[in-house]
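Below is one structure, written out as structure tokens, with a few remarks after it.
Each reported figure results from applying straightforward, stated rules to the coordinates on display, with no laboratory input. Worth saying up front: this structure is predicted, and the values here are computed from it rather than measured. Cβ placement follows ideal geometry from the backbone for every residue including glycine, while neighbour counts extend to all protein chains displayed.
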Amino acid sequence: MANYKLTYFDFNGGRGEPIRIALHAAGLEFDDVRWSFPEFAEKRESLRFSAVPALEIDGAMITQSNAISRYVGKLAGMYPEDALQALYCDEALGALEDVTHYLVQTFPLEGEELKQAREALMEGRLAVFFKGLEELLVRGGGKYLAGQMLTVADLKMFGLLQNFRSGNIDHIPAKFVDRIAPLFADYQAAIAQEPQVQAYYASLT
Ligand SMILES: N[C@@H](CCC(=O)N[C@@H](CS)C(=O)NCC(=O)O)C(=O)O
């Protein structure tokens, strides 16, 4: 079996989490390297594009979270085989990456500037994207985003919802997503109960 090493930040979430869950679902043992933020600052130049996540397969580094998720998703049976459903899955992955990107752009801001930027984001791109993502869920049949099955897009959506519906993002109320895209509350609860998701978190304890 190949040797897998995943480098990401030391928290359960973000761009690395769908990859961790899918690796576990695929039954692949992996070295779960978790860097603190100071460690990242020190070592980032060792990574292609100076960013995480990075997956090494037998020592060869691969970057870009969605590409890695698709690859591991195929190994785990969490990526649709049908070409059209795979396209639907990719559309969701891309949109979710855009949402992450919009939020990350506000990270350097502070105080009133941060508040205004986050409020503008909720009024603008976040409203557009969560509405659009809900359309993708409806298109997928209401339970999953694509392929009538749990895919890596659902894992990424789940992580994003955990973050956005937590109330822990300054100036973004926990209820924000529910106002724009009410279907995601039950969806998030259902994805949390999926056997692959449950098994992964059980493996951490
Ligand atoms: N498009 C890349 C984005 C990678 C990325 O920006 N990762 C973040 C962490 S989630 C990072 O390393 N940020 C640190 C920085 O860019 O300074 C991907 O999807 O992997």
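For the chain, modelled as a GNM with alpha-carbon contacts under 10 angstrom, which of Leu150, Leu121, Leu23 fluctuates the most?
Among Leu150, Leu121, Leu23, the largest GNM mean-square fluctuation belongs to Leu121.
With a 10 Å cut-off between alpha carbons and a GNM built on the chain, which of Tyr144, Tyr102, Tyr187 moves the most?
Tyr102
How much length is gained on full extension from Lys74 to Leu114, taking 0.36 nm per residue of separation minus their Cα-Cα distance?
My answer for the length gained is 10.5 nm.
Of Phe129, Leu96, Ala60, which is farthest along the charge dipole of segment 33-157 in the positive direction, counting Lys and Arg as +1 and Asp and Glu as -1 at C-beta?
With unit charges placed on the Cβ atoms, the residue in question is Ala60.
Considering every pair of different Cα atoms, what Kirkwood radius, in Å, is found for the chain?
17.6
Hey, what number do you get for the chain at 222 nm if only DSSP H runs of n ≥ 4 count, each worth -39500 (n - 2.57), divided across all residues, to the nearest 500?
-17000 deg cm²/dmol
Of all the C-alpha pairs in segment 4-77, what % are more than 17 Å from each other?
37
Give the average over all directions of the projected area of the C-alpha convex hull of segment 72-127, one decimal, in nm².
4.9
With just the Cα atoms defining each centre, how far is segment 40-75 from segment 182-205? Give it in Å.
24
Just to be sure I follow the definition: excluding the sites themselves, where is the longest run in the chain that has none of the GluC sites (Glu not before Pro) in a DSSP loop with at most 16 other Cβ atoms within 10 Å?
That would be 111-205.
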